[in-house]
Amino acid sequence: LDVFGVQERYLQLAAFEFTSDRKRMSVVVRNVATGAVRLYCKGADDAIMARLRTGQEGTVATVQRHIDAYAEAGLRTLVMSYRDVTAEEYAAFRAEYDRAAAALIDRDAAKEAVYTIMERDMCLLGATAIEDKLQSAVPETIALLKQAGASLWMLTGDKFSTALT
């Protein structure tokens, strides 16, 4: 990573998959130079906001207002957060994760329980919003269906408000 002329290197230690149930994904990395371990998490606002540490209420409220405005405008939103992880926490996580990954019964549930332990008390980094364009000819097809008198419901995204257009 090279930001403002400062180069940093990270080693990926673990990745927690995105699923529609989780509505988030995470990565655990180690800074090669310092040895510091950090978890980065991104996902739907409700999935991330519920896992933030206390004391950020003002920032959270401001970001939530922006997210709601973006969604009202039909934009897709993504919230990002992080948490510094101590060496002891990482060692305990790694042992539990390895146990969960080797489980013969309910492996996914065991891994999710380990993910949940790590994805907590996070610091809000911010949010992004992008226009999620429909595939080509979809707007024209929808217009023709409406012109023909057909009722049409389309649900996309994680927020009801993005489906209102």
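The values are calculated or read from the model by the stated rules, or taken from the named source; none is laboratory data. The model shown is predicted, which means the values in this text are computed figures rather than measured ones. Neighbour counts are summed over all protein chains in view; Cβ atoms, including those assigned to glycine, are modelled from backbone coordinates with ideal geometry. Side chains are part of the model used for accessible areas, which takes the heavy atoms of the whole protein and leaves out ligands, DNA and RNA. Shrake-Rupley method; radii C 1.70, N 1.55, O 1.52, S 1.80 Å.
Quick rundown of the values:
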item	result
Helix axis angle, 107-118 relative to the chain longest principal axis, alpha carbon, degrees	80 degrees
Range in the chain, longest, excluding exposed chymotrypsin sites (Phe, Trp or Tyr not before Pro) [loop by DSSP; at most 16 other beta-carbon atoms within 10 Å]	19-152
Probe 1.4 Å - accessible area at K42, Å² to nearest ten	90 Å²
Solvent exposure ordering (accessible area, 1.4 Å, most first) of I48, I117, I105	I105, I117, I48
Volume per residue that the Cα convex hull of the stretch 62-141 spans, once the total is divided by residue count, Å³	154 Å³
FRET efficiency estimate (nearest 0.05) - Cβ-Cβ, F18 to E72, R0 22 angstrom	0.35
Value at 222 nm in deg cm²/dmol, rounded to 500, when DSSP H runs of n ≥ 4 in the chain each add -39,500 (n - 2.57)	-11000 deg cm²/dmol
Nearest-10 value in Å² for the accessible area of R65, using the 1.4 Å probe	150 Å²
C123/A95 FRET efficiency (R0 22 Å; Cβ-Cβ; nearest 0.05)	0.30
Approximate spin-label separation F4-Q64, in nm, with each point projected 7 Å along Cα-to-Cβ	3.1 nm
The chain: projected area of the alpha-carbon convex hull, averaged over directions, in nm²	13.6 nm²
Fraction of beta bridges assigned by DSSP in the chain that are antiparallel (%, nearest 5)	95 percent
